[in-house]
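Accompanying notes for the structure given below.
Every number here is computed from the coordinates shown, using simple stated rules; none is lab data. Note that the structure is predicted; figures quoted are calculated from it, not measured. Methodologically, a virtual Cβ is constructed for each residue, glycine included, from the backbone with ideal geometry; neighbour enumeration extends over all protein chains shown.
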Amino acid sequence: MDVEWPDRRADVLNGLDLLASEPPTLTADGRDPRWPDLRNAVHWVVDDTWWDQRDPHESIGTLLRNADEAEAVGDVVAAVVTVSERVQAGSTDAVWFADTHWPAVRESAAKAAGLLRA
């Protein structure tokens, strides 16, 4: 099944790839030097999709192809939200990457990226 918004899906996939990857060597101010950086990856996967407010199943046909993808991205969003609730607003990327729940973000993002790419 093709999706209605392939460009936005590509942004989600790029965000998932970043979230799944090993944290980089950060800049002197504790920020992620890659593109997309952590801030944009979170924005593309969570904020632009509203999956923290809406069930990802509602995006089947527009951004996602099926229920398996919806469940997988739902797991990623839940993991990201857990970290965001634990760190202070405006925290550096170093604080996000150091959170004890960050490995769950990476693991769920890798699984979701694999499903979206399959």
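Putting +1 on Lys and Arg Cβ atoms and -1 on Asp and Glu Cβ atoms, find which of 109, 70, 25 reaches farthest to the positive end of the dipole of the chain. The residue sitting most towards the positive pole is 25.
Centre-to-centre separation between the Cα atoms of region 1-65 and those of region 90-108: 15 Å. Loop-located GluC sites (Glu not before Pro) in region 1-89 (DSSP state not H, G, I, E or B) with no more than 12 neighbouring Cβ atoms inside 10 Å: 4. When the chain is treated as a Gaussian network with alpha carbon springs shorter than 10 Å, the biggest mean-square fluctuation among 41, 28, 78 belongs to 28.
Footprinting exposure proxy ranking of 52, 11, 47, fewest other C-beta atoms within 10 angstrom first, gives 47, 52, 11.
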